[in-house]
1. Evaluate the following for Leu146: is it out of contact with any helix residue (DSSP H, G or I) (no Cβ under 6 Å at 6 or more places or on another chain) and crowded, with 17+ Cβ neighbours inside 10 Å?
2. State which residue is farthest from Glu160 (Cα to Cα) when the search covers only region 13-33 and only residues that are touching a helix residue (DSSP H, G or I) at 6+ places or on another chain (Cβ under 8 Å) and part of a helix (DSSP H, G or I).
3. Restricting attention to region 63-99, which residues are surrounded by 15 or more Cβ atoms within 10 Å (Cβ to Cβ), of a type in the set (Lys, Arg) and free of Cβ contacts under 8 Å to residues at least 24 places away in the same chain?
4. Take Ser91 and decide whether it is small (Gly, Ala, Ser), farther than 20 Å from Thr14 by Cβ and assigned to a loop (DSSP other than H, G, I, E, B).
5. Being under 22 Å from Leu143 (Cβ atoms) and at pLDDT 95 or above narrows it down to one residue among Val90, Val55; which is it?
6. So how many residues does region 6-50 have that are of a type in the set (Ser, Thr, Tyr), in contact with an Asp or Glu (Cβ under 6 Å, 6 or more places away or on another chain) and either without any contact (Cβ under 8 Å) to a residue 24 or more places away in the chain or closer than 16 Å to Ala110 by Cβ (or both)?
7. For region 42-80, how many residues are in a helix (DSSP H, G or I) and either farther than 28 Å from Arg97 by Cα or β-branched (Val, Ile, Thr) (or both)?
Amino acid sequence: MISDKTSFFELISTRHSVRTFKERELSDKIIKKILMAANKAPSAGNLQSYKIFIVTKTDDKKKLANTAHEQDFIEKASTILVFCADPIAVSKEYGTRGKELFCIQDATIACSYSQLAAQSLGLSSVWVGSFDEKKVAQSLSILDDLKPVAMLIIGFADEEPEITGRKPLNEISHRI
């Protein structure tokens, strides 16, 4: 676990994607802490227009790996959190923009909070967005009105993560 005194900036500087995991389970207590962080994420109109599916069974993780273009590292991780946007929940309040954008933002912000929570607990993760939406929904028996938008693969690292470079700030930010 990272120290409670670790600054936010240290936390985000030490978080890097990991794709090789030790085959160890996460306790329900740890999963709950991560979900509590997701629950604190901001959302449009505080509607929290998303659902999170917790996947820990080997067979289900294998199915998800298959839906994600055979990214086999997924099945070795401790836990997979599948974040699904709930367009119906938000469309009543925000119409088309809510249905097409806000619910996706809500789900991905919750995923971001979860990823940082996992890092703060000394876990490793990788965000997976490359998957067949329909196959993910089928493999988890997700209702048709939910849209899978992200998988957060969480576990205990069995590799040193590759430290990737970032673009200079002047390439991504523009003062107007």
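The values are calculated or read from the model by the stated rules, or taken from the named source; none is laboratory data. What you see is a predicted model, and the numbers here were worked out from it, not measured in a lab. Cβ: placed from backbone, ideal geometry, glycine included. Neighbour counts: every protein chain shown.
1. Yes, satisfied.
2. So the residue we want is Lys33.
3. Lys99 - this is the single residue of region 63-99 that is surrounded by 15 or more Cβ atoms within 10 Å (Cβ to Cβ), of a type in the set (Lys, Arg) and free of Cβ contacts under 8 Å to residues at least 24 places away in the same chain.
4. no
5. Exactly one of Val90, Val55 is under 22 Å from Leu143 (Cβ atoms) and at pLDDT 95 or above, namely Val55.
6. 3
7. Total meeting the criteria: 15.
Conditions tested, residue by residue: (1) closer than 30 Å to Ser7 by Cβ; (2) touching an Asp or Glu at 6+ places or on another chain (Cβ under 6 Å); (3) not charged (D, E, K, R).
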position	(1), (2), (3)
Phe83	yes, no, yes
Asp86	no, no, no
Tyr94	no, no, yes
Cys111	yes, no, yes
Phe131	no, no, yes
Val149	yes, no, yes
Glu159	yes, no, no
